[in-house]
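**Student:** This is the structure, below, for whatever I ask next.
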Amino acid sequence: MLKDLERWIGVFGEEAAEKKLLALRWADRRRPRTAKGLHRLHDLLLILRAWPDSPAVLAAAEKALARFSAGAHRARLADSGIAGTETRDRFFYELAGWLASRWPDRRRRDGGDLEGPSCLDDLLPHFGVRAELPGLEQCDFGLKEWVERMRGPFETDAAFLVRRLRSLPAGDLLKEELFDRADLPFRLLPGPDTPSRTRERLPRRTVAYQSGPLDRSRPDLSKLLRRPDVRIRAVPPRQAREICDLARGAMAVRHRDLEAFAQADPRDVRLADGEAGMQVALIGVRPERRFLLETIYGYLLLKNGVLVGYGTGIGLFRSCEIAFNLLPPFRGYEASRLYAFVLCAFRTLFDCDTFTVDPYQIGEDNDEALDSGAWWFYAKLGFRPFDDDAKRLAKRELDAVKRKPSHRTSRPNLVRLARAPLFLQAGRARRDVLGVVDLAGVGLAVSALLAERFGSRREEGERALAREAAALLGARNGPGFRAWGPLVLALPGVETWPAAARRALAGVVQAKAGRRESDYLLRFDAHGRLREAVLDLARAHAP
């Protein structure tokens, strides 16, 4: 029956629905006897939830998932993300803190002990309060025993360590570095509401049922992006927090860490709605952790509320660098159509006309992308390299496929192709886009200004330049100027700009620290003088 379900899973219609219901009724009474079979059934149920044939099929899949249990195979299915199994990982700082705050009794250290060398040994005196120092400084119990003595009965050793590290009087970046250097393995024990792939879903009122064949055609992206039919709407605060938690939990059970999710700002969460039950949840980043120039949004790709993919979109210069990850159970299920919807969502959000794919996405230092032939996925959708060597090799490969459709690119050639980013331009051809412009020169120009005027007094310089920049632009000094002040004064000729251009620049700076980072991006890209000044600065100080 499991094989029957696999055979019919990608087929739709009345007969297929009946076959699936028959298999689902069997699955409700019996379960596969092996861990591998149980895992297969679990992922097939997720597909049925995302692409249901009918209300009856959806209800049967929901019922099976609600009652799904790893049973005697819990140990073998650990790290699978299936409900009832544990997740073992060296969680990064922000994600570890989120897990410790939500499930303090579910976190444990994963084997080993705390007696070995660790940067936490030297921090031990800082984990206590002043009255504890006589004991902490004179009793050499070791980190493991001290943690057992100091933690409360309501928290695990893992929760204690994470919480005390987060309470240190130091900046977040330094605490992140210390935590990552400690490199402690943890376990997240299963609970009724701990993150799991089984429960990954954003509730929605309507369901789009699949009555005909899947759409596996390749969309004409250049045409589609000229008029993207996407509506982006704000979500209530409660749903925004739910989306942020869904994103973080998805990373936890997949042993991944995405900065845009770790630093998610619930105030800047929106939903892009499309046809056939497709949605993209757009998640902004907290103002204090945003990039200086670029705008970044993490996103969750949803089908009928089921999480089927995730990634990031980074925007500047009316261009967007897209990272796209379709989750394994759903690969082969309308991947091109789903990807096109993601691009349309960011086209609407960023008002961009160029999309960039970073080399990592197509295989540079990424064996999974090489194995899947990711370069061809993008090439068949119209993406092309700008690099001359990559362009010549790409042409040879594309010509070879025209002559012989069964042609397969060799792995050495895929490695060579993956060294250059890919681009898709829906507007006029241009090169002042992400993936071409090296922004390192901007940072080097700011460093030169700070070195000349302040040397080691960097923080003092940051405050002073914020005041100077605000005065120059005729604006009130605020959070945005703390980061942008040095850059404003490094811009060539900014003091000679017309008053209107300087006022507009002040609006850009203030928007960078505002509620929605996309507002900043639209202001930046609309400011012609600013765009050109940043480009000039990047070129003049290029490393």
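**Student:** Normalized C-alpha radius of gyration of the stretch 1-120, against 2.2 N^0.38 Å? Before the final figure, lay out the partial values.
**Tutor:** Values: Rg = 18.9 Å, N = 120, 2.2 N^0.38 = 13.6 Å.
Working it through for the stretch 1-120, the quotient is 1.39.
**Student:** Of the accessible area of the stretch 179-238, with the probe set at 1.4 angstrom, what percent is carbon plus sulfur?
**Tutor:** On the way: 1890 of 4000 Å².
Of the solvent-accessible surface of the stretch 179-238, carbon and sulfur hold 47 percent.
**Student:** For the stretch 466-543, what is the convex hull (Cα atoms) projected area averaged across all directions, in square nanometres?
**Tutor:** On the way: hull surface 19.8 nm².
Spelled out: convex hull of the Cα atoms, projected over all directions, averaged, 5.0 nm².
**Student:** Based on the mean of other Cβ atoms within 10 Å per residue, sort peptides 498-505, 329-336, 18-25 so the most packed one is first.
**Tutor:** Details: 498-505: 14.6, 329-336: 16.9, 18-25: 18.5.
So the order, starting with the most tightly packed, is 18-25, 329-336, 498-505.
**Student:** Using the Cα centre of the chain as origin and beta-carbon charges of +1 (Lys, Arg) and -1 (Asp, Glu), tell me which of LEU398, GLY298, ALA418 is placed farthest towards the positive end of the dipole.
**Tutor:** In the chain, that residue is LEU398.
**Student:** Tell me, what % of the accessible area of the stretch 404-519 is carbon and sulfur with a 1.4 angstrom probe?
**Tutor:** Numbers: 2970 of 5780 Å².
Of all accessible area on the stretch 404-519, carbon and sulfur atoms account for 51 percent.
**Student:** Per the Cauchy relation, a quarter of the hull surface: what is the mean projected area of the convex hull of the alpha carbons in the chain, in nm²?
**Tutor:** Working: hull surface 118.4 nm².
Projected area, direction-averaged: 29.6 nm².
**Student:** Given the Cα atoms of the stretch 403-526, and with Rh set as the inverse mean 1/r over their pairs in the Kirkwood sense, what is Rg to Rh to two decimals? Spell out each step's value before the answer.
**Tutor:** Details: Rg = 20.5 Å, Rh = 17.5 Å.
Reported Rg/Rh (Cα atoms, Kirkwood Rh): 1.17.
**Student:** Could I ask something else about it? From Cα pairs below 8 angstrom and at least 6 apart in sequence, can you work out the relative contact order of the stretch 293-346, rounded to a whole percent?
**Tutor:** Contact order relative to length: 27 percent.
**Student:** Here's something else I'd like to know. Rounded, prolate or oblate: which fits the stretch 300-411 when a ≥ b ≥ c are the square roots of the eigenvalues of the alpha-carbon gyration tensor, with rounded for a/c under 1.5 and prolate only if a/b beats b/c?
**Tutor:** oblate
**Student:** Could you sort 362-371, 417-426 so that the peptide with the highest average Cβ count within 10 Å comes first and the rest follow in order? If you can, show how the numbers build up before the last one.
**Tutor:** On the way: 362-371: 15.8, 417-426: 21.7.
Those peptides, ordered most packed to least, come out 417-426, 362-371.
**Student:** So, one more: Expressed as a rounded percentage, what relative contact order does the chain have, with Cα pairs under 8 Å and six or more residues apart?
**Tutor:** It comes to 12 percent, rounded to a whole number.
**Student:** Per residue, how much accessible area does the stretch 328-474 have with a 1.4 Å probe, in Å²? Kindly include the intermediate steps, with their values, before the conclusion.
**Tutor:** Details: 7020 Å² over 147 residues.
Per residue, the stretch 328-474 has 48 Å² of solvent-accessible surface.
**Student:** The stretch 325-371: Rg/Rh from Cα coordinates, Kirkwood Rh?
**Tutor:** Details: Rg = 12.6 Å, Rh = 12.3 Å.
On the Cα set of the stretch 325-371, Rg over Rh gives 1.03.
**Student:** Next up: Could you compute the FRET efficiency for ARG238 and LEU173, with r as their C-beta to C-beta distance and R0 at 30 Å, rounded to 0.05? Write down the numbers at each step before the final one.
**Tutor:** Values: r = 30 Å, r/R0 = 1.01.
Efficiency, from the Cβ-Cβ distance: 0.50.
**Student:** Of SER217, LEU189, LEU173, which is farthest on the positive side of the dipole of the stretch 171-248, counting Cα position, with +1 on Lys and Arg Cβ, -1 on Asp and Glu Cβ, and the Cα centre as origin?
**Tutor:** SER217
**Student:** Now, a different point. Write down the Kirkwood hydrodynamic radius of the stretch 222-312, to one decimal in angstroms, obtained as one divided by the mean of 1/r over all alpha carbon pairs. Walk me through the numbers on the way to the answer.
**Tutor:** Numbers: mean 1/r = 0.0730 Å⁻¹.
Averaging 1/r across every pair of different Cα atoms and inverting gives 13.7 Å.
**Student:** Kindly provide log₁₀ I(q)/I(0) values, in the same order as q = 0.15, 0.18, 0.26, 0.28 Å⁻¹, from the Debye equation applied to equal alpha-carbon scatterers of the stretch 433-493.
**Tutor:** -0.46, -0.63, -1.06, -1.14
**Student:** Mind computing the radius of gyration and Dmax over the alpha-carbon atoms of the stretch 158-204? Å is fine for both.
**Tutor:** According to the Cα coordinates of the stretch 158-204, Rg and Dmax are 15.1, 42 Å.
**Student:** Students often forget the sequence filter, so: which lysines lie under 28 Å Cα-Cα from LYS512 once same-chain residues fewer than 8 apart are removed?
**Tutor:** LYS175
**Student:** Then there is this: When we measure straight from the Cα of LYS19, which lysines land under 30 angstrom away, once same-chain ones fewer than 8 places off are left out?
**Tutor:** LYS3, LYS36, LYS63, LYS303
**Student:** Let me ask something else. Taking the Cα centre of the stretch 432-543 as origin, sum charge times position over the Cβ atoms of Lys and Arg (+1) and Asp and Glu (-1), and report the length of that vector in debye to the nearest 20.
**Tutor:** On the way: 16 positive and 13 negative charges, 90 e Å.
For this selection, approximately 440 debye.
**Student:** Here's another thing I want to ask about it. Quote the charge dipole size of the stretch 153-248 about the Cα centre in Debye, to the nearest 20; the model charges only the Cβ of Lys and Arg (+1) and of Asp and Glu (-1). Kindly include the intermediate steps, with their values, before the conclusion.
**Tutor:** Details: 21 positive and 14 negative charges, 142 e Å.
Its charge dipole is roughly 680 debye.
**Student:** Among rounded, prolate and oblate, which fits the stretch 118-269 when a ≥ b ≥ c are the square roots of the eigenvalues of its C-alpha gyration tensor, a/c under 1.5 means rounded, and a/b larger than b/c means prolate? Each step should come with its number before you reach the end.
**Tutor:** Details: a/c = 3.01, a/b = 2.56, b/c = 1.18.
Verdict is prolate for the stretch 118-269.
**Student:** Please get the size of the charge dipole for the chain, origin at its Cα centre, with Cβ charges of +1 on Lys and Arg and -1 on Asp and Glu, quoted in debye to the nearest 20. Each step should come with its number before you reach the end.
**Tutor:** On the way: 92 positive and 74 negative charges, 408 e Å.
Taking the Cα centre of the chain as origin, the dipole is about 1960 debye.
**Student:** Next up: Whole Å is fine, so just give me how far the alpha carbon centre of the stretch 236-300 lies from that of the stretch 154-223.
**Tutor:** When both Cα centres are located, 11 Å separates them.
**Student:** Let me ask another. Size of the stretch 1-69 along its principal axes in angstrom, Cα-based, largest extent first?
**Tutor:** Between the extreme Cα coordinates on each principal axis of the stretch 1-69 lie 30, 22, 19 Å.
**Student:** Local charge sum around GLY485 (other residues, Cβ-Cβ under 10 Å, Lys/Arg +1, Asp/Glu -1)?
**Tutor:** On the way: positive: ARG463, ARG467, ARG482; negative: GLU462, GLU468.
That works out to +1.
**Student:** For the stretch 150-246, which trypsin sites (Lys or Arg not before Pro) are in a loop by DSSP, counting at most 13 other Cβ atoms within 10 Å? Can you show the working numbers first?
**Tutor:** Details: sites: ARG151, ARG163, ARG164, ARG166, LYS175, ARG181, ARG187, ARG197, ARG199, ARG201, ARG204, ARG205, ARG216, LYS223, ARG226, ARG231, ARG233, ARG238, ARG241; in loops: ARG151, ARG197, ARG199, ARG204, ARG205, ARG216.
Answer in residue order: ARG205, ARG216.
**Student:** Show me, bin by bin at 10 Å from 0, the whole-percent P(r) of the stretch 267-365 based on Cα pairs.
**Tutor:** Final binned percentages: 15, 49, 31, 5.
**Student:** Based on the mean of other beta carbon atoms within 10 Å per residue, what is the order of 450-456, 62-68, 272-278, most packed first?
**Tutor:** Details: 450-456: 12.9, 62-68: 15.4, 272-278: 18.4.
Most protected by this proxy first, the peptides run 272-278, 62-68, 450-456.
**Student:** Report the net charge of residues surrounding GLY474, where surrounding means a beta-carbon distance below 15 angstrom and charges are Lys +1, Arg +1, Asp -1, Glu -1.
**Tutor:** Working: positive: ARG467, ARG476, ARG502, ARG503; negative: GLU468, GLU495.
Around GLY474, the charge tally is +2.
**Student:** Also: Work out the FRET efficiency for LEU133 and PHE454 from their Cβ-Cβ distance, taking R0 = 41 Å, and round it to the nearest 0.05. If you can, show how the numbers build up before the last one.
**Tutor:** Details: r = 36 Å, r/R0 = 0.88.
Calculated value: 0.70.
The values are calculated or read from the model by the stated rules, or taken from the named source; none is laboratory data. These numbers come from a predicted model, not from an experiment. Using ideal geometry, Cβ is built from the backbone for each residue, glycine included, and neighbour counts are taken over all protein chains shown. Areas reflect the complete protein model, heavy atoms only, side chains present, ligands, DNA and RNA absent. Shrake-Rupley method; radii C 1.70, N 1.55, O 1.52, S 1.80 Å.
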